[in-house]
Amino acid sequence: MAHIIDGKQISQEIRDELKKEVAALAAQGREATLAVIQVGTDPASTVYVNNKKKACAYIGIRSLSYELPEETTEEELLTLIRKLNADDTVNGILVQLPVPGHIREDEIIRTIAPEKDVDGFHPQNVGKLLIGEPGFLPCTPAGVIQLLKRSGIEIAGKHCVVVGRSNIVGKPMAVLMLRENATVTVAHSKTRDLKALCRQADILIVAIGKPRFITAEYVKEGAVVIDVGIHRNEDNKLCGDVLFEEVSPHASAITPVPGGVGPMTIAMLMDNCVESMRNANA
Ligand code: NDP
């Protein structure tokens with residue numbers, strides 16, 4: 001039976017480490033503030049935003065909340081971002097995505113100052129990731145790396161197959177695994193014979209956005225399986241991209257949904273906030 005990688009516990013460890021670090025920085029008079037902007041009242045976004053604010057409170061980071069109406073114009077949002085860019089008391093700026101359709105997401109991402117881009121989505125931070133310079137890492141893929149490392153799973157030399165190539169998960173995930181010296185293959189919707197490819201993976205990372213898609217047939221005996229997917233099934237219960245009950249007897253280690261990758265994303269966002277604090281006050 002596979003080792004179940006406990007993302008809740010590992011994310012709690014990280015939060016506690018950050019809390020200590022923030023307390024130590026506070027004792028030297030250093031403070032951090034994260035500005036959280038939500039446009040509209042999408043219920044899922046509200047849950048994410050509230051969880052982020054709660055995590056800030058736990059760690060000791062001040063959060064400023066901007067709840068803007070659905071009809072906010074792009075220019076109004078950009079003006080707020082520019083104001084926060086210029087505000088020295090704000091270390092991090094987060095715009096909860098997705099924004100309503102009349103606002104261009106890429107324009108929002110580009111306008112956030114790269115040194116305050118705690119989501120790690122600005123092209124400058126993406127470029128730094130690619131060439132291996134320090135910068136903010138996108139939270140979900142960075143969380144996966146922490147899950148693997150803190151579970152004692154060796155990455156160097158392993159064949160890692162990443163299924164999915166989105167800008168926020170698949171692509172940065174592949175780059176981070178490469179940085180950790182894995183041999184990386186990236187699969188997507190046009191990949192031929194996905195099953196055979198996945199069966200070659202020592203570490204299989206799945207971010208395709210299709211509930212319970214990956215069955216035992218996709219998994220080599222003893223592989224490590226990381227499930228990034230999050231969905232609600234017919235019974236309103238959370239499930240991932242991997243058919244957990246079928247795959248877990250064949251894996252050496254596997255992340256559950258919920259309680260796997262999900263909790264790590266906010267923990268790594270907090271890590272980026274503390275990083276911005278270290279940078280700003282160094
Ligand atoms: P996207 O929809 O942006 O990307 C999905 C990727 O999967 C695409 O690259 C697509 O290929 C590929 N894909 C789709 N169908 C197939 C298929 N049949 N075979 C092979 N590849 C396929 O999703 P995201 O990357 O944003 O998210 C993926 C999942 O992770 C979602 O369930 C999302 O909810 C979850 N998620 C979880 C987070 C967390 O905190 N745990 C954070 C972010 C996302 P192509 O490029 O060819 O279209």
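The values are calculated or read from the model by the stated rules, or taken from the named source; none is laboratory data. What you see is a predicted model; the values in this text were computed from it and never measured. Counting neighbours? That spans all protein chains shown, and the Cβs are built from the backbone with ideal geometry, glycine included. Protein only, heavy atoms only, side chains kept; ligands, DNA and RNA dropped before computing areas. Shrake-Rupley method; radii C 1.70, N 1.55, O 1.52, S 1.80 Å.
Structural remarks
- The dipole here belongs to the chain: it is taken about the Cα centre, uses +1 on the Cβ of Lys and Arg and -1 on the Cβ of Asp and Glu, and is about 540 debye.
- The Cα center of the range 1-79 and the Cα center of the range 239-279 differ in position by 16 Å.
- With a cut-off of 10 Å between beta carbons, the residues surrounding Leu204 carry a summed charge of 0, where Lys and Arg count +1 and Asp and Glu -1.
- Amide H within-cut-off set for Ile214, under 5 Å, with H built and near neighbours excluded: Val242, Leu243
- Net charge contributed by nearby residues that have their C-beta within less than 12 Å of Ala142 (K/R +1, D/E -1): -2
- At q = 0.21, 0.22, 0.24 Å⁻¹, base-10 log of I(q)/I(0) for the range 29-113 (Debye sum, equal scatterers on each alpha carbon): -1.00, -1.09, -1.24
- Selection from His122, Val175, Asn233, by position along the positive dipole direction of the chain (Cβ): Val175
- Here the range 139-262 is assigned +1 on the Cβ of each Lys and Arg and -1 on the Cβ of each Asp and Glu. Its dipole about the Cα centre then comes out at about 440 debye.
- In terms of overall dimensions, the chain has a Cα radius of gyration and Dmax of 19.0, 57 angstrom.
- To the nearest ten degrees, helix 139-150 and the longest principal axis of the Cα atoms of the chain are 50 degrees apart.
- Taking only Cα atoms of the range 139-262, radius of gyration then Dmax in Å: 13.0, 41
- Most mobile of Asn236, Asn125, Asn50 in a GNM of the chain (Cα contacts under 10 Å): Asn236
- Estimated 222 nm signal from helices in the chain, with DSSP H stretches of n ≥ 4 weighted -39500 (n - 2.57), rounded to 500: -13000 deg cm²/dmol
- The range 29-113, accessible surface, carbon-and-sulfur percent (1.4 angstrom probe): 52
- The residues of the chain have, on average, 48 Å² of accessible surface per residue, using a 1.4 Å probe with all protein chains present.
- When a 1.4 Å probe is rolled over the protein heavy atoms, the share of accessible surface on the range 168-282 that falls to carbon and sulfur comes to 51 percent.
- About the Cα centre, charge dipole magnitude for the range 29-113 (Lys/Arg +1, Asp/Glu -1 at Cβ), debye: 520
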